[in-house]
Every structure is written in C-alpha cells, then in structure tokens.
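The values are calculated or read from the model by the stated rules, or taken from the named source; none is laboratory data. Predicted, not measured: the structure shown is a model, and the values here were computed from it. For neighbour counting, all protein chains shown are included, and Cβ atoms are generated from backbone atoms with ideal geometry for every residue, glycine included. Calculation scope for accessible area: heavy atoms of the full protein, side chains included, ligands and nucleic acids excluded. Shrake-Rupley method; radii C 1.70, N 1.55, O 1.52, S 1.80 Å.
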Amino acid sequence: MRHSALAKSLIAIVSVIVTVARSGRVLNWEVRRPSGNSAIDRSVRETLQKVLQFEPFPASFRDAQRTFNIDFNLKAKRNTG
C-alpha cells in the first residue's frame, strides 16, 4: 500500500489568563504557556485581541474584577510524507 502523505493531528494547548471587570470589559490578558506552535500561538493572541467585552457579571457579584485561567486545546494538522 502506498501513501503519498499522511495527515497527522497534533494537540496544541495554549494557557492564558484573562482579567475581566465586573462590567464585562476585558482589562488584561496574557499567554502564560504557549503551545510551541507559532501559528497556533499567534492565532490565540489574535483572537484574544479581538475580545474586548463579555456580558456584565451578575448584580450579586461584589468583586471589581475576576481573573480566569483558560486552556485553549487546539489541533494542529501537518502533512508528513
């Protein structure tokens, strides 16, 4: 059996922290642990730059802000031959 190229999926995890104000406004974000895949890391950073606002927190929420730890689990595909 002959294979010209095999598609191989790799899991890439990018860990970020995002700080959000009670109003829902994104105050800050930071990549804490990049995946090591520059295309995926860049994609996550570009996505984070576009997210400026979330829904406001419930009225019962008393803190001025909250920081969230988020792991982006993405698949990177590459062709090997």
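Can you give the extra length, in nm with one decimal, that the chain gains between residue 49 and residue 33 once fully stretched, where that is 0.36 nm per residue apart less the Cα-Cα distance?
Using 0.36 nm per residue and subtracting the Cα-Cα distance, I get 4.1 nm.
For residue 67 and residue 42 in one chain, what is 0.36 nm times their gap in residues minus the Cα-Cα distance, to one decimal in nm?
Result for the pair: 6.8 nm of gain on full extension.
Can you check what the Kirkwood hydrodynamic radius comes to for the range 23-74, Cα pairs only, in Å to one decimal?
12.8
Could you please report the charge total around residue 18, scoring K, R as +1 and D, E as -1 over all other residues with beta-carbon less than 13 angstrom from its beta-carbon?
+3
Just to confirm, what accessible area per residue do you get for the range 16-81 at 1.4 Å probe, in whole Å²?
76
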